[in-house]
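The values are calculated or read from the model by the stated rules, or taken from the named source; none is laboratory data. Computed from a predicted model, the values in this text were never measured in an experiment. Cβ placement follows ideal geometry from the backbone for every residue including glycine, while neighbour counts extend to all protein chains displayed. Ligands, DNA and RNA are stripped out before the accessible areas are found, and what is left, the full protein with its side chains, is counted by its heavy atoms. Shrake-Rupley method; radii C 1.70, N 1.55, O 1.52, S 1.80 Å.
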Amino acid sequence: MIHRRETKKIQVGNIGVGGDSPITVQSMTNTITADIPATVAQIHSLEAAGCDIIRCAINDEEDAVAIREIKRQIRIPLIADIQFDHRLGLYAVENGCDCLRINPGNIGSKEQVIQVVERCKEYRVPIRIGVNSGSIHREILQKYGGVNTDSLVESALQEIRTLEELDFYDIKISIKSSNVVTMIEVYQKISELVNYPLHLGVTEAGPARSGSVKSSIGIGTLLYMGIGDTIRVSLTTDPVEEIRIGREILRSLGLLKEGVDLISCPTCSRTKVNLIDLIQRAEERLATVDKNLSVAIMGCPVNGPGEAKEADLGIACTNGYGVLFKKGKVIRQVEEQQLLEAMMEELDRM
């Protein structure tokens, strides 16, 4: 059983992060934030996929002003991602963002950082400190000999101290690396030094296939250790896929009970139905089902009946048809072409 490390709980809009709050899945829009219809449409698709928190890049004042109307049309909290210009942080807070993602080290002078922090205090908006290999100060790079676990952690601690010196503690932290081993090491180390909630992710993980593997290993390893309060799978693809993979990571570790656990065999010469096509179609149909159930679709009568009986709903296929199981009992035999619809009908009744 996984025992999560206890961290400080903060509120991002109506979502708790850290403490005893469930681990949340995040993504980031890739629309121009000021294009309100496009941004809202993408967020709606992410909400439908199970996204808990959304982040939007704020590149100019128009983007910041758009937050207010976007918030009116969505259901999940919105994080404003700010780089370099502290004024955009002020505008974003004033227009209703639920959290501010900044790197205090690149947001401007100390006076400008103070302005942002004071505005966040006034509006009760938490700050996510975001550190990556491109944001480490030169003196820290020189001290630790480049980008590595020690320099990344020291950079994060420096940013944390900056906020703490301003009496601001409503903080969550991300320290991201595109190297999976480094990512695991930095979160292990920072988790031993502070109790702020941690945002996990392998940054710039890459395209869907390789990025999903890297993210699953990095994020999954840390979650198994009890480290992490919110996650983002960073993929070069439709952001909806980030949510699907993120939720699957949580579900595979027993950290998410919503949604269907789909079990299927890898196929072999004993498979006498088009199982790959059946599974692909089933995966699409089951993606929006929130019931906490296991569904097994097996391609042959060797291991199929056993797996199907263990699942809440199961199919054991043979030559051109399948046997439908429900809670371990045979319901009926169904021809291959009607298997998916028969399964979905039974699922609706459960």
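Things to note:
- A cut-off of 5 Å between modelled amide H atoms, ignoring neighbours fewer than 5 places along the same chain, links LEU256 with ARG251.
- Accessible-area composition of the stretch 165-257, carbon plus sulfur, in percent [1.4 Å probe]: 51
- Amide H contacts under 5 Å for THR318, placed H, 5+ residues apart: VAL323
- DSSP beta bridge pairing in the chain, given as percent antiparallel to the nearest 5: 30
- Heavy-atom accessible surface of the stretch 1-138: percent carbon and sulfur, 1.4 Å: 47
- With respect to the chain, whose longest principal axis is taken over its alpha-carbon atoms, helix 180-193 is tilted by about 60°.
- Largest-first ordering by accessible area, 1.4 Å probe, given options ARG281, ARG55: ARG281, ARG55
- DSSP bridge analysis restricted to the stretch 212-336 gives an antiparallel fraction near 55%, rounded to the nearest 5.
- Heavy atoms of the protein chains alone define the surface here; on that basis the chain has 46 Å² accessible area per residue at 1.4 Å probe size.
- Counted charge near ARG285, where neighbours are those whose Cβ lies closer than 12 Å (Asp, Glu -1; Lys, Arg +1): -4
- Gyration tensor (alpha-carbon) shape descriptor, the stretch 1-106, a/c threshold 1.5: oblate
- Relative to the longest principal axis of the Cα atoms of the chain, the long axis of helix 149-164 makes an angle of roughly 60 degrees.
- Anisotropy class of the stretch 228-350 from Cα gyration tensor, a/c 1.5 cut: prolate
- Each residue of the stretch 210-227 was assigned a 3J(HN,Hα) from its phi angle through the Karplus curve 6.51 cos²θ - 1.76 cosθ + 1.60 (θ = phi - 60°); the sequence is 5, x, 5, 5, 4, 5, 5, 5, x, 5, x, 4, 5, 4, 4, 7, x, 9 Hz, with glycine and proline shown as x.
- Anchor LYS309: lysines whose Cα lies under 28 Å away (excluding residues fewer than 8 positions away in-chain): LYS257, LYS272, LYS291, LYS326, LYS327, LYS329
- Figure note: HIS137, HIS199, HIS86 ranked by solvent-accessible area, largest first, 1.4 Å probe, ligands and nucleic acids not counted: HIS137, HIS86, HIS199.
- Out-of-range pairs (alpha-carbon distance over 25 Å; input LYS71/LYS172; LYS9/LYS143; LYS9/LYS121): LYS9/LYS143
- Accessible surface, 1.4 Å probe, highest first, among residues MET28, MET298: MET28, MET298
- Annotation: amide H-H contacts under 5 Å for VAL202 (H modelled 1.01 Å from N, sequence separation of 5 or more, or interchain): SER234.
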